[in-house]
Amino acid sequence: MNFLNNTQQQEQAHLNHVEQNIAQQLQQTEQKLEQVQQERHRVEINYGANTRANYIETDDIMETYATTQQQKQLLNSSTSDEELLQRKQKNLLNLQTTPYFGRIDIVEDQEADTLYIGTASLDDPQTGNFLVYDWRAPIAAIYYNGTLGQVKYQTPAGPKQVALQRKRQFSIKAGQITNMFDTNETIGDEILQNALGQASSAQMKNIVATIQRKQNQIIRDTKSQVLIVQGAAGSGKTSTIMQRIAYLLYHSRQNLDSDQIILFSPNKLFSNYIAEVLPSLGEKNMRQVTLSEFLTKRLQGFHIETLFERFEHEQQNHCSHQKIRQFKTSKTFIELLRNYQQLLTTPTFRNLYFEGEIIFSAEQIQQIYQSWPKNLLPADKYLQTKNQLIQQVKQLISSQQNADWVVEAVNQFSDAQYQQILQEKKLLDAEVNQQQQALNHYYLQQHYLPLYDAIYNDYLFDETQTYAQFLRKLKPADISQIVWQEMIQQFEEQLERHSLQLDDATAILYLRYLVTGRGQNHQIQHLFIDEIQDYSDLQLAYIHEAFPQAQLTLVGDIEQNVYQADGLPTEHFQEIATLLGAAKTAVITLNQSYRSTAAITNFAKQLIASGDQIQPFNRQGQKPQIILTPHLQETVEQQAKINLAHQITVAIITKTQAQAQKLDDQFTLTHHLLTEKALQIPQGIIILPVYLAKGLEFDSVIAYDVSPDNYQTLGDQGILYTIATRAMHQLTLIAPLQPSTLLQKLDPTTFTLAQS
Ligand SMILES: Nc1ncnc2c1ncn2[C@@H]1O[C@H](COP(=O)(O)OP(=O)(O)OP(=O)(O)O)[C@@H](O)[C@H]1O
């Protein structure tokens, strides 16, 4: 028997032992869980009965309160036990599929130890020893980072040094070791080859077994307030941020909950695509939101243009106002907004109405606002104005305390109402006059509640008109007054229709925050943005203000910029770091691309300026094919059919939704057209526009109509690159007769050319 077989047998025996242990623990955990669930059910029934029975008799309320509190505590403790057991069950179930994927042999303080690494930790209840170490444990970092020899790893008590003597990787399927080998440097090419060579799936998978060194650096960074990642297409940005979320949840188990983490994702399809990654690592999902959902929620009542709508619109009508957009998203504009009070002496206010009458006119509110000292912070001035209005409502209430109409209204109260109000005010035994005063006051408070609400909820502040005023005061250097005035007029017409352009909506929200000091979410601790190249500086600056407690992780690729007609400067992400002005900022670059075969990456990288820096992953596949044809639609169909014979998903990616729609109308083969509403990636032939394909990947991609007309500008180059890099195993580009000039300059040895 040779050495490898011998070693593999030993490893298999160890695996059997661990699997047995998992099975036993799983059985015990499930039994305990059932007990706890029964217990909770019993407490719940009891709790319901107790709370209901005694509320009928008012004297029993105190006693009921005490009993309720006791039951609540019982309920809480059985719920938290249940949660712990459920977490354990989930971890054990995950471990049952693959107990571990790596092993390290180390010598620490002259003691040798062997550690197995998996998705969660597992201890042997008999011995108290760890059978599996969680991949996020401090020591596990050396599995991903360390080369053999002396290595350091970080612990809560500071850095520690160990000798790493062996690093072994396993592929385990259905309880059998199917592959294992020792490695020195990176985490196994062979296992990675295997993972990357598989067919695409409807749901993104975790990469825990094969995290690469640089990805690990991003995952384990707990120091940076703003962490920015520029990563080539397919370099694992999304995968890395999902692993990072799992890591942060583990690292701050006591203080961080998945509800305190939010991810801004490009669209709903993408949100669903990544939804299984965290559960597969035993964690709950973070919150997810798209930019459009976020803005719409904060500016209710308006239709806010989405990025897709803007893109489609600009494709149809060549944007005559490109300069305006550039200005409205520029740093100069952000600075002007931040210093808006230099342009506007006061914000614009609205009349406050009560029962159809103006109770505070906009002029009155403005006078109050202007009465505060000039050096007071704007948000403080605004707050003082609201306080002053509240005071005036209180005075109004006092002046009507004994008015006939109030006494009359109070006389209409039922006995039960009297009882309830007096009891709340602890005046059941008070003198009649005192009771009458309290009841009158109560009535007036309720009566004027809508006015209080209006003040509290900032109805007095007219955000859209304040913004319109602000625009009117501006005189941008590069834009003629006529064009600028036209834009303001269009803005006002859109307002009438309750519709807002994306940049205006963001600016209004930012201005609202600056004027009122409100609208911040202090709960979120970590904020992630995927595809930051699609966010304007203004949007990023506003999001940063809106989540003041959050550490930011911003990932994207300046080359995959689908929405900017003239591309982004190379130093764009560095500039974002400066714009956000955090004390601890890190900008990391990922250049190794994992998604596509080497042939596809070598082809695609020629489409972008920084292509030389991209390193393809050494996975073999056919060269991309460019097909020129006079019969575009028929050829696309034929090719889709050919590709589908070898691949599970064939995505035909168009530049616009309109093109996707047109192709869908003519397409005779079975297929799925994906729109903004799509939630799942189906198998088979899919037709979709590029902006829905963002962040996704498909076995085979057909780039539709790569003609000179369709792809000509610098912005189109980013679109073509994005389309090409969605392909994992096969890429075909089809054009009627002539390929785009962007393709004509590519090295002809990197693709095959066919005419049909
Ligand atoms: N370390 C890794 N181990 C295994 N697979 C990996 C690793 N890193 C990335 N991948 C795989 O590479 C593919 C691309 O990853 P991902 O989608 O995270 O990249 P991305 O940088 O976000 O891509 P894009 O910007 O093009 O959308 C995925 O299939 C992912 O599973």
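The values are calculated or read from the model by the stated rules, or taken from the named source; none is laboratory data. Keep in mind the model is a prediction, meaning the values are calculated, not measured. All Cβ positions, even for glycine, are placed from backbone atoms using ideal geometry, and neighbour counts span all protein chains on display. Surface accessibility is based on the protein's heavy atoms, side chains included, excluding ligands, DNA and RNA. Shrake-Rupley method; radii C 1.70, N 1.55, O 1.52, S 1.80 Å.
How do the helices (runs of 4 or more DSSP H) wholly within region 169-283 filter down when requiring 1 or more residues that are among the small types (G, A, S) and more than 10 Å from the ligand (Cβ to nearest atom): which remain?
Once the helices (runs of 4 or more DSSP H) in region 169-283 are filtered for at least 1 residues that are among the small types (G, A, S) and more than 10 Å from the ligand (Cβ to nearest atom), what remains is 189-197, 237-251, 268-273, 277-280.
Going residue by residue through region 607-620, is there one that turns out to be of a type in the set (F, W, Y) and within 31 Å of the chain's Cα centre (by Cα)?
Yes; the residues of region 607-620 include at least one that is of a type in the set (F, W, Y) and within 31 Å of the chain's Cα centre (by Cα).
Mind counting the residues in region 535-562 that are closer than 19 Å to S258 by Cα, more than 16 Å from the ligand (Cβ to nearest atom) and not hydrophobic (A, V, I, L, M, F, W, C)?
So the count comes out to 3.
Considering only region 16-32, state which residues are charged (D, E, K, R) and open to solvent by 100 Å² or more (accessible area, probe 1.4 Å).
Across region 16-32, the qualifying residue is only K32.
Between residues in region 184-212 that are open to solvent by less than 40 Å² (accessible area, probe 1.4 Å) and among the hydrophobic types (A, V, I, L, M, F, W, C) and residues that are within 9 Å of the ligand (Cβ to nearest atom) and modelled with pLDDT under 80, which pairs lie under 7 Å by C-beta distance while being six or more apart or on different chains?
Matching pairs, first to second residue: A209/I191; I211/I187.
List the pairs whose first member sits in region 513-530 and is within 22 Å of I455 (Cα to Cα), whose second member is part of a strand (DSSP E or B), and whose Cβ atoms are under 8 Å apart, counting only residues at least 6 apart or on separate chains?
Qualifying pairs under 8 Å: V515/F461; T516/F461.
Could you go through region 372-390 and let me know if any residue there is in contact with a strand residue (DSSP E or B) (Cβ under 6 Å, 6 or more places away or on another chain), of a type outside the set (G, A, S), surrounded by fewer than 17 Cβ atoms within 10 Å (Cβ to Cβ) and free of Cβ contacts under 8 Å to residues at least 40 places away in the same chain.
no
Across region 264-303, what is the number of residues that are among the β-branched types (V, I, T) and open to solvent by 40 Å² or more (accessible area, probe 1.4 Å)?
Going through region 264-303 one residue at a time, the tally reaches 1.
Mind listing whichever residues of region 710-724 are farther than 11 Å from V690 by Cα, hydroxyl-bearing (S, T, Y) and touching a helix residue (DSSP H, G or I) at 6+ places or on another chain (Cβ under 7 Å)?
Y711
Of all residues in region 615-652, which are in contact with a helix residue (DSSP H, G or I) (Cβ under 8 Å, 6 or more places away or on another chain), in contact (Cβ under 8 Å) with a residue 60 or more places away in the chain and more than 21 Å from Q198 (Cα to Cα)?
Of everything in region 615-652, those that are in contact with a helix residue (DSSP H, G or I) (Cβ under 8 Å, 6 or more places away or on another chain), in contact (Cβ under 8 Å) with a residue 60 or more places away in the chain and more than 21 Å from Q198 (Cα to Cα) turn out to be I626, I627, T629, V636.
With the checklist (1) out of contact with any Ser or Thr (no Cβ under 9 Å at 6 or more places or on another chain); (2) within 16 Å of the ligand (Cβ to nearest atom); (3) farther than 17 Å from I719 by Cα in hand, flag the one item L580 doesn't pass.
(2)
Only one of (1) under 22 Å from Q465 (Cα atoms); (2) open to solvent by less than 60 Å² (accessible area, probe 1.4 Å); (3) without any contact (Cβ under 8 Å) to a residue 40 or more places away in the chain; (4) within 40 Å of the chain's Cα centre (by Cα) is not met by F333, so which one is it?
Against the list (1) under 22 Å from Q465 (Cα atoms); (2) open to solvent by less than 60 Å² (accessible area, probe 1.4 Å); (3) without any contact (Cβ under 8 Å) to a residue 40 or more places away in the chain; (4) within 40 Å of the chain's Cα centre (by Cα), F333 comes up short only on (3).
I'm trying to understand the selection: among the residues of region 489-498, which are open to solvent by less than 70 Å² (accessible area, probe 1.4 Å) and closer than 19 Å to T329 by Cβ? If you could, list the steps in order and put the result at the bottom.
Here is the first cut: in region 489-498, the residues open to solvent by less than 70 Å² (accessible area, probe 1.4 Å) are 491-492, 494-495.
The answer is F491, Q494.
Exactly one condition in (1) outside any loop (DSSP other than H, G, I, E, B); (2) more than 20 Å from the chain's Cα centre (by Cα); (3) among the polar types (S, T, N, Q) is false for Q300; which is it?
Evaluating Q300 over (1) outside any loop (DSSP other than H, G, I, E, B); (2) more than 20 Å from the chain's Cα centre (by Cα); (3) among the polar types (S, T, N, Q) leaves (1) as the failure.
Pick from region 501-517 the residues that are among the charged types (D, E, K, R) and either assigned to a loop (DSSP other than H, G, I, E, B) or within 23 Å of the chain's Cα centre (by Cα) (or both): which of them is surrounded by the fewest Cβ atoms within 10 Å (Cβ to Cβ)?
D503
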